[in-house]
1. What number goes with the only condition from (1) open to solvent by 20 Å² or more (accessible area, probe 1.4 Å); (2) under 16 Å from F141 (Cβ atoms) that L201 does not pass?
2. Among the residues of the stretch 78-99, how many are surrounded by 15 or more Cβ atoms within 10 Å (Cβ to Cβ), out of contact with any helix residue (DSSP H, G or I) (no Cβ under 9 Å at 6 or more places or on another chain) and within 17 Å of L48 (Cα to Cα)?
3. Being outside any strand (DSSP E or B) and in contact with a Gly (Cβ under 6 Å, 6 or more places away or on another chain), is that true of even one residue in the stretch 37-59?
4. Would you mention how many residues in the stretch 103-118 are open to solvent by 10 Å² or more (accessible area, probe 1.4 Å), over 10 Å from the mean Cα position of the chain (by Cα) and over 18 Å from P265 (Cβ atoms)?
5. Out of all the residues in the stretch 111-128, is one or more assigned to a helix (DSSP H, G or I) and without any contact (Cβ under 8 Å) to a residue 12 or more places away in the chain?
6. Pull up the stretch 207-238, narrow it to residues that are hydroxyl-bearing (S, T, Y) and under 11 Å from R32 (Cα atoms), then point me to the one that is surrounded by the most Cβ atoms within 10 Å (Cβ to Cβ).
7. Look at the stretch 1-17 and say how many of its residues are open to solvent by less than 80 Å² (accessible area, probe 1.4 Å) and either out of contact with any helix residue (DSSP H, G or I) (no Cβ under 6 Å at 6 or more places or on another chain) or more than 27 Å from P90 (Cβ to Cβ) (or both).
8. Quick one: what pairs do we get from the stretch 18-36, first residue over 20 Å from F145 (Cα atoms), second among the basic types (K, R), C-beta under 9 Å, 6+ apart or different chains?
Amino acid sequence: MTSESTPPVCSYEGSDYQTSFWEQGGREYEDRAEAIALKRLLPASGKLMLELGAGAGRNTPRYAGYGRAVLVDYSRTQLEQARQRLGDSPRYTYVAADIYRLPFVDGLFDGATMIRTLHHMADAPKALSQIKQVLQPGATFILEFANKRNLKSILRYWAGKQTWSPFTPEPVEFAALNFDFHPKTVFKWLDELGYKRERTLTVSHFRAGILKRTLPASLLASMDGFFQPTGAWFQLTPSVFVKAKSVSGTKREIPLEPMSFFKCPACGHSPLGEAQDGQPLCSSCRKQWGFKNGIYDFREAVG
């Protein structure tokens, strides 16, 4: 359930997404291509990374340059898979939360990523605004989004096999809570919210069944890596990566204890106290939030 004041959330609760989509779904090429893009865009080092839509932690090891990472997903079961994969380490904090009500104090993170997640946002600008609020000035934000103006959609539209236009600026919801976005629209949102775009890469140039069945994933990914920088001039692939910087906002010292990361998502108060069993407790509105088996849960108050 979500608050009435926030948009609907796409939940992967109970899903075997990591196994069925990535490990057994024939997507080794896409995974390798995304790894190349992230390596190009990530800074060499950082202190505290916010990974939004972390899922089962597929990309988390790629952020090894950061001292610590906070994995956020709406699905607790996805975070349980991530915890099983990555283990209990001071480097990782697992948080179940609604992206429209992020439970973090302002200016906390010096890095953030959101990969294969924006396409589930019914109100993408609101989500991007929430992220901006918790970033330090100068923090790196890497965003991936599904591109409605991709070559396949253009050809289908011209052939009369697709009703919606890939050229119009508004997002298209092709399935419930699954959106494709026009690049210029996403760029406009980022600019208006106070992000400074630094680099754009196009990814998954060769996402075609016949190619993936006949050519090795490593070769396709290498070819993809060669063409990714063309995203600076045009974007015709189904996936687009953007590196941006937060140019304003609050900057604070990054605390050692994860409990100091949090604010109350209901009333905004910080810092939070600690109730029984390590559960975060707001001294202002008296709401208590979940903590069980190493995962903080700020989706709904437990008391």
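The values are calculated or read from the model by the stated rules, or taken from the named source; none is laboratory data. Quantities reported herein were computed from a predicted structural model and do not represent experimental measurements. Reconstructed Cβ throughout: ideal geometry from the backbone, glycine too, with neighbour counts over all protein chains shown. Ligands, DNA and RNA are excluded from the accessible area calculation, which covers all protein heavy atoms including side chains. Shrake-Rupley method; radii C 1.70, N 1.55, O 1.52, S 1.80 Å.
1. Looking at each condition in turn, L201 falls short on (1).
2. Number of matching residues: 1.
3. Yes, the stretch 37-59 has at least one match.
4. Result for the stretch 103-118: 1.
5. no
6. The extreme case among them is S222.
7. Final tally of qualifying residues: 11.
8. Once the first residue is over 20 Å from F145 (Cα atoms) and sits in the stretch 18-36, its partners that are among the basic types (K, R) give G26/K212; G26/R213.
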